[in-house]
Amino acid sequence: ETVLTQSPGTLSLSPGERATLFCRASQSVSSDFLAWYQQKPGQAPRLVMYGVSKRATGIPDRFSGSGSGTDFTLTVSQVEPEDFAMYFCQQYGVSPWTFGQGTRVEIK
Amino acid sequence: EVQLVESGGGLVQPGGSLRLSCATSGFQFGNYWMHWVRQAPGKGPVWVSRISSSGTDTSYADSVKGRFTISRDNANSTLFLQMDNLGAEDTALYYCARDHGTGWYYFEDWGRGILVTVSS
């Protein structure tokens with residue numbers, strides 16, 4: 001099973017600051033099949049990024065994804081108030097399809 | 001607008017059963033693979049099961065294989081999850097999720113989830 005480890009656990013930022021979230025896989029993620037989701041309390045999770053760097057529908061361009069192999073990054077160039085949430089990475093290259101434990105982006 | 005609305009959760013005793021439903025709208029349900037994903041309190045999500053567009057092909061996580069059954073009703077755009085022999089480890093928020101297409105295994109849309117609590 002591919003274990004995904006996200007860091008940091010919590011990121012405390014002020015609006016306008018840059019957010020950098022990391023996701024490390026225990027083995028290489030095939031074909032760059034790595035996605036990111038945003039989750040807010042009481043709401044449905046939302047796909048943010050897929051294929052490492054492809055923004056999902058409706059995701060603003062302040063979100064970007066990068067990485068390959070075992071190390072991946074989600075960056076929010078300037079965090080807006082609506083971006084404060086939990087973020088999960090997920091690999092979909094090999095069964096079982098696994099998620100990280102999440103990074104919480106909170107208001108400082 | 002795509003909508004997925006789960007129902008059927010609740011409190012059940014160990015060894016009991018529940019049937020979850022997911023009513024969908026806003027997309028051609030019969031064209032997409034569908035999934036169930038669960039999330040225990042304070043943990044990351046865990047993929048549970050998926051079903052092909054036609055319903056003829058299914059797959060399960062090892063932790064639920066033999067106890068859970070996924071099915072779908074394409075005429076009514078509804079997804080189901082029959083859960084039998086439930087244990088405390090099955091306590092979680094259960095999400096219905098739409099595959100990007102047919103077998104991509106990343107999740108384009110999600111419901112808000114339905115809580116399943118297994119406790120005596």
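The numbered conditions (1) more than 12 Å from every other protein chain (Cβ to nearest Cβ); (2) in contact with a Leu (Cβ under 8 Å, 6 or more places away or on another chain) are all true for B:VAL48 except (1).
Restricting attention to the range A:19-47 and to residues that are within 22 Å of B:GLU6 (Cα to Cα) and not in a loop (DSSP other than H, G, I, E, B), the residue that is farthest from the other protein chains (Cβ to nearest Cβ) turns out to be A:GLN38.
Look at (1) assigned to a loop (DSSP other than H, G, I, E, B); (2) touching a residue at least 24 places away in the same chain (Cβ under 8 Å); (3) over 21 Å from B:GLY113 (Cβ atoms) and you find that A:GLY67 fails only one, number (1). Restricting the search to the range A:48-64, which residues are outside any strand (DSSP E or B), of a type outside the set (Ser, Thr, Tyr) and more than 9 Å from chain B (Cβ to nearest Cβ)? Correct list: A:VAL52, A:GLY58, A:ILE59, A:PRO60, A:ASP61, A:ARG62.
So, in the range A:1-18, exactly how many residues are acidic (Asp, Glu) and either within 13 Å of chain B (Cβ to nearest Cβ) or closer than 17 Å to A:TYR92 by Cβ (or both)?
Pass one, the range A:1-18, residues acidic (Asp, Glu): A:1, A:17.
Still in the list and also either within 13 Å of chain B (Cβ to nearest Cβ) or closer than 17 Å to A:TYR92 by Cβ (or both): A:1.
Matching residues across the range A:1-18 total 1.
Answer yes or no: is there a residue in the range B:48-66 that is touching a Gly at 6+ places or on another chain (Cβ under 6 Å) and within 25 Å of A:GLN43 (Cβ to Cβ). There is no residue in the range B:48-66 that is touching a Gly at 6+ places or on another chain (Cβ under 6 Å) and within 25 Å of A:GLN43 (Cβ to Cβ). Considering the range B:17-45, the residues that are aliphatic (A, V, I, L, M) and farther than 13 Å from B:GLY113 by Cα include one that is surrounded by the fewest Cβ atoms within 10 Å (Cβ to Cβ), namely B:LEU18. Scanning the range B:79-105 for residues that are over 14 Å from the mean Cα position of the chain (by Cα) and in a loop (DSSP other than H, G, I, E, B) returns B:ASN85, B:LEU86, B:GLY87, B:HIS100, B:GLY101, B:THR102, B:GLY103, B:TRP104. Comparison of B:SER59, B:SER120, B:SER71, B:SER52 shows that the only residue that is farther than 22 Å from B:GLN13 by Cβ, surrounded by fewer than 22 Cβ atoms within 10 Å (Cβ to Cβ) and in contact (Cβ under 8 Å) with a residue 40 or more places away in the chain is B:SER52.
Kindly indicate whether any position in the range B:96-110 is within 14 Å of another protein chain (Cβ to nearest Cβ), of a type outside the set (A, V, I, L, M, F, W, C) and over 24 Å from A:ASP32 (Cα atoms).
Of the range B:96-110, the ones within 14 Å of another protein chain (Cβ to nearest Cβ) are B:96-110.
Subset that is of a type outside the set (A, V, I, L, M, F, W, C): B:98-103, B:105-106, B:108-109.
Then drop every residue that is not over 24 Å from A:ASP32 (Cα atoms), which leaves none.
No; the residues of the range B:96-110 include none that is within 14 Å of another protein chain (Cβ to nearest Cβ), of a type outside the set (A, V, I, L, M, F, W, C) and over 24 Å from A:ASP32 (Cα atoms).
Being more than 14 Å from A:THR2 (Cβ to Cβ) and modelled with pLDDT of 95 or more is the filter; apply it to the range A:89-108 and report the residue that is nearest to the other protein chains (Cβ to nearest Cβ). Before you say what the answer is, go through the steps one by one.
Narrowing the range A:89-108 to residues more than 14 Å from A:THR2 (Cβ to Cβ): A:102-108.
Keeping just the survivors that are modelled with pLDDT of 95 or more gives A:102-106.
Values: A:GLY102: 5, A:THR103: 10, A:ARG104: 11, A:VAL105: 15, A:GLU106: 15 Å.
Selected residue: A:GLY102.
Can you confirm whether B:GLY8 is more than 14 Å from chain A (Cβ to nearest Cβ) and either at pLDDT 95 or above or under 10 Å from the mean Cα position of the chain (by Cα) (or both)? Steps first, please.
Values: more than 14 Å from chain A (Cβ to nearest Cβ): yes; either at pLDDT 95 or above or under 10 Å from the mean Cα position of the chain (by Cα) (or both): yes.
Considered against the rule, which asks whether it is more than 14 Å from chain A (Cβ to nearest Cβ) and either at pLDDT 95 or above or under 10 Å from the mean Cα position of the chain (by Cα) (or both), B:GLY8 comes out as yes.
So is A:VAL79 part of a strand (DSSP E or B), of a type in the set (Val, Ile, Thr) and touching a residue at least 60 places away in the same chain (Cβ under 8 Å) or not? No. State yes or no: is B:CYS22 within 10 Å of the chain's Cα centre (by Cα), within 12 Å of chain A (Cβ to nearest Cβ), among the hydrophobic types (A, V, I, L, M, F, W, C) and farther than 25 Å from A:THR5 by Cα? Answer is yes for this residue.
The values are calculated or read from the model by the stated rules, or taken from the named source; none is laboratory data. As the structure is a computational prediction, the values presented were derived from the model and not from experiment. So basically every Cβ, Gly included, is an ideal-geometry build from the backbone, and we count neighbours across all protein chains shown.
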